[in-house]
Amino acid sequence: MTLEDGLNLIENYKKALQKFLDTLPEQSVQLGSEMVKTLTMNSKNEIANLDAIEKALKKPAKYESGLSE
């Protein structure tokens with residue numbers, strides 16, 4: 001998998017999480033408000049984690065590890 005492939009996967013996952021967040025309020029009757037709050041918080045944390053991973057992957061390497069593939 002290339003870096004670009006990985007970044008595309010991250011972007012698609014973030015979009016799916018955002019779509020889930022957008023539709024979550026509609027599920028409050030079935031799930032209950034506490035569950036909606038928990039799922040919302042977890043999803044937002046996951047998006048923040050993905051943003052951090054994406055930023056780290058886009059950052060140029062400052063050193064070479066010396067390991068070759």
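The values are calculated or read from the model by the stated rules, or taken from the named source; none is laboratory data. Since the model is a prediction, treat every value here as computed from it, not as a measurement. Note: ideal-geometry Cβ built from the backbone for every residue, glycine included; neighbour counts use all protein chains shown.
Filtered by the rule that a residue be free of Cβ contacts under 8 Å to residues at least 40 places away in the same chain and surrounded by 12 or more Cβ atoms within 10 Å (Cβ to Cβ), the range 3-13 gives ASN8, LEU9, TYR13.
Just name the residue that is farthest from LEU3 (Cα to Cα) out of those in the range 13-62 that are of a type in the set (A, V, I, L, M, F, W, C) and over 17 Å from the mean Cα position of the chain (by Cα). Reasoning before the result, please.
As a first pass, look at the range 13-62 and keep what is of a type in the set (A, V, I, L, M, F, W, C): 16-17, 20-21, 24, 29, 31, 35-36, 39, 41, 47-48, 50, 52-53, 56-57, 61.
Next, only the ones that are over 17 Å from the mean Cα position of the chain (by Cα) stay: 29, 31, 35-36, 61.
Numbers: VAL29: 41, LEU31: 38, MET35: 35, VAL36: 34, ALA61: 13 Å.
Of everything passing the filter in the range 13-62, VAL29 is farthest from LEU3 (Cα to Cα).
Do we find a residue being β-branched (Val, Ile, Thr), at pLDDT below 90 and at negative phi anywhere in the range 29-50? Show your work before the answer.
Initial filter on the range 29-50 (β-branched (Val, Ile, Thr)): 29, 36, 38, 40, 47.
Subsequent filtering for residues that are at pLDDT below 90 retains 29.
With the extra rule that they be at negative phi, the set shrinks to 29.
There is at least one residue in the range 29-50 that is β-branched (Val, Ile, Thr), at pLDDT below 90 and at negative phi.
When the range 31-47 is filtered for residues that are without any contact (Cβ under 8 Å) to a residue 12 or more places away in the chain, surrounded by 11 or more Cβ atoms within 10 Å (Cβ to Cβ) and small (Gly, Ala, Ser), only GLY32 remains.
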